[in-house]
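Peer 1: Quick one: structure below, then a few questions.
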Amino acid sequence: MRESVAELSRASGVARFTISKALNGEAWPDLLTLANLERALETDLWPGREV
């Protein structure tokens, strides 16, 4: 999992620490973080959003 988090961090510009905290349910990402993760993952992370 570390390699995946590290790869996502590089692709999104979001710190590994931030991604790990969100994945562990220890923190909620802000909207800019969500947008960066969505761009890197090429998928919607915000529920109920229509594209």
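The values are calculated or read from the model by the stated rules, or taken from the named source; none is laboratory data. None of these values were measured; they are calculated from a predicted model. In this analysis, Cβ positions are derived from the backbone assuming ideal geometry, glycine residues included, and neighbour counts consider all displayed protein chains. Note: accessible area is taken over every heavy atom of the protein model, side chains too, but ligands, DNA and RNA are not part of it. Shrake-Rupley method; radii C 1.70, N 1.55, O 1.52, S 1.80 Å.
Peer 1: Across region 21-45, what is the total count of residues that are outside any loop (DSSP other than H, G, I, E, B), open to solvent by less than 100 Å² (accessible area, probe 1.4 Å), free of Cβ contacts under 8 Å to residues at least 24 places away in the same chain and not hydroxyl-bearing (Ser, Thr, Tyr)?
Peer 2: Of the residues in region 21-45, the ones outside any loop (DSSP other than H, G, I, E, B) are 21-23, 31-41.
Checking the rest, the ones that are also open to solvent by less than 100 Å² (accessible area, probe 1.4 Å) come to 21-22, 33-38, 40-41.
So of that shortlist, the ones also free of Cβ contacts under 8 Å to residues at least 24 places away in the same chain come out as 21-22, 33-35, 38.
If we keep only those that are not hydroxyl-bearing (Ser, Thr, Tyr) too, we end up with 21-22, 34-35, 38.
Summing the residues that are outside any loop (DSSP other than H, G, I, E, B), open to solvent by less than 100 Å² (accessible area, probe 1.4 Å), free of Cβ contacts under 8 Å to residues at least 24 places away in the same chain and not hydroxyl-bearing (Ser, Thr, Tyr) in region 21-45 gives 5.
Peer 1: Condition test on SER9, is it modelled with pLDDT of 95 or more and open to solvent by less than 80 Å² (accessible area, probe 1.4 Å)?
Peer 2: yes
Peer 1: Criterion first (modelled with pLDDT of 95 or more and in a loop (DSSP other than H, G, I, E, B)) does VAL14 satisfy it?
Peer 2: Yes: the conditions hold for VAL14.
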